[in-house]
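The values are calculated or read from the model by the stated rules, or taken from the named source; none is laboratory data. None of the values given here were measured: they were computed from a predicted structure. Glycine also receives a Cβ, built like all others from the backbone with ideal geometry; neighbour counts cover every protein chain displayed.
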Amino acid sequence: GITLSGSGVLAIFAPAFVSWAIETWSWREGYLATGAVFLAASPMVLLFKEGPLLKQEQATAPPATWAFFRNPRYWLIAAAILMLVAASTGLAIHLVPILRDLGADPMRAAEIAGVMGLAVMAGRLVAG
């Protein structure tokens, strides 16, 4: 829950940053700035490098079986999750343009999208 809530933090601040960058420069430079921020943050991946504790856990883990692929319930659950993710991701990606089409100014639309990030964070912290 706590680890997954990190994407909620990004969802809170990213829409406002992108809207600010696009208004300040243009959409091209705004997206270049967004890419630069992610590129600058990418070395943080090294914090999750495999260490001796993780290797010890992998050595004691039982061997994985792939029998669940033959179970129709697995495919039903996978299809349901795929539809849920497609719907929520589609809304998250297009929320700011939809709000802009409805007359909201760019920063207000980004603030509303940020509230969606708060909801994601709260849901992941509560539900796990």
Qualifying residue in region 55-73 (condition: modelled with pLDDT of 90 or more, charged (D, E, K, R), in a helix (DSSP H, G or I) and closer than 27 Å to A104 by Cβ): no
For S26: the one exception among (1) among the polar types (S, T, N, Q); (2) farther than 28 Å from G123 by Cβ; (3) at pLDDT below 85: (3)
